[in-house]
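Reviewing the structure listed below.
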Amino acid sequence: MENKEKKYGDIQLVHRMTVIKRIIHWSFFLAVINNIVTGFYIAYPFLIFGKTPAQSDSISKGIINSGETYQAFIMTWMREFHFIGAVIIDVIFIVWLYLAFFSWKEPLYKSFIPFGDKIAEAGRMVKHYFTLKDKPETTRYQDPLNAIIFTIFHLLILLQMVTGFQMYVASFTGTSAVGGWWPWLMHFTTDWTLVVFGGLTGVTLVHLFTMWLIIIFIVYHIYTEVWRSVMWKEGDILIPFGGYKYIRNKTESE
Amino acid sequence: MGDGKKKDAAKNENDNPFSTPEEDNNFNFKWDPLRNIADDPNEVLKRVDERLDGLEKECFNNKKDKNNNLENIFSLHGVTRRDFLKWSSFLTSALMLPYIFRPRVARAANILTRTPFIWLDMADCMGNTEAFIRTAHPTPAEIILNYVSVNYMESIMAPAGYQAEARRIETVKKDKGKYILVVEGAIPTGLNGKFLTIGAKGDSGLKIAKETSKNAGIIIAIGNCASYGGIPAARPNPTSAVGLSSVTNRQVINIPACPANPVNVVGTLVEYILVGKAPQLDSLGRPLWAYSGRLHDNCYRRGHFEAGEYVRHWGDDGAKKQYCLYMMGCKGPFTWNNCTTVEYNQDISFPMRAGHGCIGCSQPAFWDRMTPFEKPNADAKIILPMVEATADEFGMALFGAAGAGIAAHAIYTGVKKKRESKKTSEKKKSDSDKNDDNNDK
């Protein structure tokens with residue numbers, strides 16, 4: 001037994017994600033997946049519901065007869081779920097922004113202070129990814145490289161929010177069911193995108209392209225967490241499920 | 001509401017043969033907040049009537065002249081009094097004015113035919129002029145535009161050369177602050193405007209536009225080219241063409257579209273005659289009464305959009321059933337105009353009704369931003385340096401590169417790990433617990 005303990009080093013539990021953060025993580029996951037699927041449909045409707053006389057049902061051709069026009073409303077449902085997902089993402093973004101500064105457990109800004117040291121540590125982490133040596137020490141805060149990449153991801157989400165609201169407010173004509181302040185707020189905060197991206201069509205394309213960056217982030221994120229779990233043996237993949245990971249101060253080969 | 005006011009209104013009705021006596025004497029309409037002349041409806045009516053009376057005195061020689069003017073014009077084109085009444089009611093509601101303004105709209109249309117006009121043709125195809133003067137069965141809007149008192153318009157005026165120039169300069173001086181300036185076509189600014197020279201003296205379009213807009217009563221940029229530069233200003237814009245609002249510091253009312261709808265032009269002018277100032281404009285300088293609605297929201301095919309029923313090829317079954325043209329590149333979701341409600345071609349059709357998607361011709365830079373016209377917007381090329389791809393193609397390429405990178409890193413990690421563990425196992429040959437990871441604890 002002594003031999004084994006020596007081999008795996010001192011194992012220490014560290015609490016990384018509270019229940020709230022785990023709920024946020026998985027709602028975020030579901031909402032983003034939902035918005036990618038529905039967003040694809042809105043950009044390029046791949047299914048035709050409602051049969052015309054010359055068409056026959058064919059999944060491969062993307063034709064499904066769901067009866068009369070009024071019964072189908074597939075685009076309405078896609079847009080509805082896209083908007084519901086968007087609202088969830090918006091709320092989560094605001095909560096994330098709050099927690100990044102005022103979280104009791106692990107505020108994100110702690111991973112950036114002191115800035116120079118943390119950037120250097122992020123550089124060491126990148127180096128570690130490619131040399132598998134000199135792993136930066138695990139602390140009870142998020143490692144700076146992940147902190148930087150997650151911040152970039154949230155900035156992409158913010159870009160999606162801004163461009164999305166600009167497309168959403170396009171169908172408003174000056175007022176809304178909750179009052180004129182709501183379209184005004186959206187115009188006030190998002191009209192700059194029209195100038196920067198060249199009109200509503202440009203905004204739409206930016207929204208579409210940013211989705212690809214988000215998909216790339218998701219793949220990268222899953223890969224690195226699996227990679228860390230395999231290579232570090234600290235249970236990183238368990239964080240969003242149980243909230244805990246381990247710190248091993250001494251590793252096998254070093 | 002005082003009695004005197006009612007009598008005044010009644011008197012005005014009787015003066016004009018092209019109006020019906022006002023039956024509804026309920027003056028408590030809610031004044032449309034878009035125009036903001038005054039909060040009190042009676043005050044609004046008073047000011048409008050005073051303005052109309054003054055203009056009528058100015059424009060017509062006598063009462064007979066005033067009363068017979070529209071009748072003379074319309075009877076030539078077979079438009080009956082009843083047609084005109086219908087049209088003026090239509091225009092009143094299109095302008096979002098209360099019904100009590102209908103006789104006043106008719107009077108304003110009468111005055112409009114006598115207001116001095118300067119119509120400048122800059123760099124464009126003159127499609128707007130063509131659309132107005134070559135209509136086979138003109139509606140009152142087009143007839144009124146044909147009979148406005150144009151003092152200068154290259155395509156239809158009798159004088160030529162120096163005489164024409166003199167006419168324009170005289171109007172600018174004589175009718176200072178009164179004449180209506182309509183500009184059609186983009187204004188090239190490159191080479192100090194030398195890309196476009198007009199007239200006997202070879203003045204540049206830039207110079208003429210600046211001179212005439214200085215003294216104009218109201219300035220209207222008609223068509224997309226005059227409003228935002230349109231096709232002459234499409235990338236790479238060799239002549240540095242711009243819209244009229246970029247070369248003058250006066251307020252310009254943009255009536256974009258290709259060609260502009262005559263109803264929007266006449267409606268805006270009628271409103272100017274009624275209240276003496278420009279209608280309220282949106283952020284792109286277009287009158288809100290005409291351009292506040294998005295085509296997609298008012299399209300009669302919107303139900304098919306929501307139902308996921310799309311035309312997929314020209315002439316397919318969906319096209320015959322008038323399904324949504326979203327996948328055939330309709331730019332209705334990005335375009336603000338009133339085509340779907342006011343309609344084109346003698347008010348009988350508009351692109352979606354004719355079976356083709358909108359091309360977004362009332363939006364700035366539509367030639368660059370709305371293309372390809374017959375493919376969905378998602379298939380448009382994104383504008384990034386060194387990238388010639390759609391958002392999806394480029395995104396998928398990045399995604400593939402990222403996936404390849406990840407796979408490479410995974411393989412690299414595996415190989416390197418194996419090599420290192422071989423080294424260590426050679427070092428610690430005696431360590432028997434090497435591989436029983438699962439047995440601990």
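Things to note:
- Boolean, B:Pro188 is assigned by TED's automatic domain parsing to the domain that holds B:Thr129 and either in contact (Cβ under 8 Å) with a residue 60 or more places away in the chain or under 25 Å from the mean Cα position of the chain (by Cα) (or both): yes
- Some residue of segment B:268-288 being outside any helix (DSSP H, G or I), of a type in the set (D, E, K, R) and either buried (at least 17 other Cβ atoms within 10 Å of the Cβ) or in contact with a Ser or Thr (Cβ under 9 Å, 6 or more places away or on another chain) (or both): yes
- Matching option when the condition is touching a Phe, Trp or Tyr at 6+ places or on another chain (Cβ under 9 Å) and within 30 Å of A:Thr201 (Cα to Cα), among B:Ala402, B:Ala389, B:Ala410: B:Ala402
- Taking the numbered list (1) touching a residue at least 12 places away in the same chain (Cβ under 8 Å); (2) more than 9 Å from chain B (Cβ to nearest Cβ); (3) within 18 Å of A:Val32 (Cα to Cα) in turn, A:Ile222 passes all entries but (1).
- In segment B:367-394, of all residues being in a helix (DSSP H, G or I) and of a type in the set (Asp, Glu), the one that is farthest from the other protein chains (Cβ to nearest Cβ) corresponds to B:Glu393.
- Residue check for A:Thr204: part of a helix (DSSP H, G or I), at the interface with another protein chain (Cβ under 9 Å from one of its Cβ atoms) and within 22 Å of A:Val32 (Cβ to Cβ): yes
- Yes/no for B:Arg104 being part of a helix (DSSP H, G or I) and in contact (Cβ under 8 Å) with a residue 60 or more places away in the chain: yes
- Long-range neighbours under 7 Å by Cβ, at least six apart or interchain, first residue without any contact (Cβ under 8 Å) to a residue 24 or more places away in the chain and surrounded by 15 or more Cβ atoms within 10 Å (Cβ to Cβ) within segment A:181-196, second assigned to a loop (DSSP other than H, G, I, E, B) and not aromatic (Phe, Trp, Tyr): A:Pro183/A:Gly174; A:Pro183/A:Thr175; A:Pro183/A:Ser176
- When residues of segment A:225-239 are limited to those that are buried (at least 17 other Cβ atoms within 10 Å of the Cβ), under 21 Å from A:Thr18 (Cα atoms) and not aliphatic (A, V, I, L, M), the one modelled with the highest pLDDT: A:Arg228
- Test: A:Gly174 is on the phi > 0 side of the Ramachandran plot, more than 13 Å from chain B (Cβ to nearest Cβ) and surrounded by fewer than 17 Cβ atoms within 10 Å (Cβ to Cβ): no
- Subset tally (residues that are outside any helix (DSSP H, G or I) and in contact (Cβ under 8 Å) with a residue 60 or more places away in the chain) for segment B:199-216: 1
- Filter pass, B:Met126 being surrounded by fewer than 23 Cβ atoms within 10 Å (Cβ to Cβ), in the same structural domain as B:Gly190 (by TED's automatic domain parsing), over 26 Å from the mean Cα position of the chain (by Cα) and of a type in the set (A, V, I, L, M, F, W, C): no
The values are calculated or read from the model by the stated rules, or taken from the named source; none is laboratory data. All values reported here derive from a predicted model rather than from experimental measurement. Note that each Cβ is placed from the backbone with ideal geometry, even for glycine, and that neighbours are counted across all protein chains shown.
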